[in-house]
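These notes are about the structure you will find just below.
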């Protein structure tokens, strides 16, 4: 998976701490097609090579504070059971740099349905929907509701 290098031009991303940027890159590189990742703070700390210390909080608050910073900046959403949603990932992986506009919806429909990407994302939504609020799922995967029939999601979001 290639990282989104354009993210570094984003004004909000530039304002993040170096730890938050590093952790975002780790999350983006390791998340699934739809942007989901199940990892706790020790998984993330080990993944970025943070040295373990002795004591009650072996990684300090570095990971916790960086995740909070990323969530406050709307780059991620944390769910139950250590699930993290890296926002916008499914759009980049489905059809390049997609913006959901009237013009892009046609490209999106062709790109997603021909590649079968919607199936993978739908499976991930089904398996993780209980970890996130209905609002988070609806907001993040809005384009899928317009492209695919709403009945597909009816069972998921009861």
- request: Only residues of segment 125-139 count here: report those whose backbone N is under 14 Å from the spot 7 Å along Cα→Cβ of residue 80, or say none.
  value: 127-135
- request: Within segment 32-48, find all residues whose amide N lies under 19 Å from a label point positioned 7 Å from the Cα of residue 64 along Cα-to-beta-carbon.
  value: 39-48
Inter-probe distance in nm under a simple model that places probes 7 Å from Cα toward Cβ, at residue 135 and residue 123: 3.1 nm
query: Tell me, 68, 21, 51 in order of fewest to most beta-carbon neighbours within 10 Å?
result: 51, 68, 21
- line: Counted neighbours (other Cβ, 10 Å), sorted fewest up, put 90, 11 in the order 11, 90
- prompt: Working out 0.36 nm times the residue gap between residue 51 and residue 29, then minus their Cα-Cα distance, what length gain in nm do you get to one decimal?
  reply: 5.9 nm
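Just so you know, all these numbers are worked out from the coordinates, no wet-lab data involved. Predicted model only: the values in this text are computed from it and were never measured. Because the Cβ atoms are built from the backbone with ideal geometry, glycine has one as well, and the counts that use them run over all protein chains shown.
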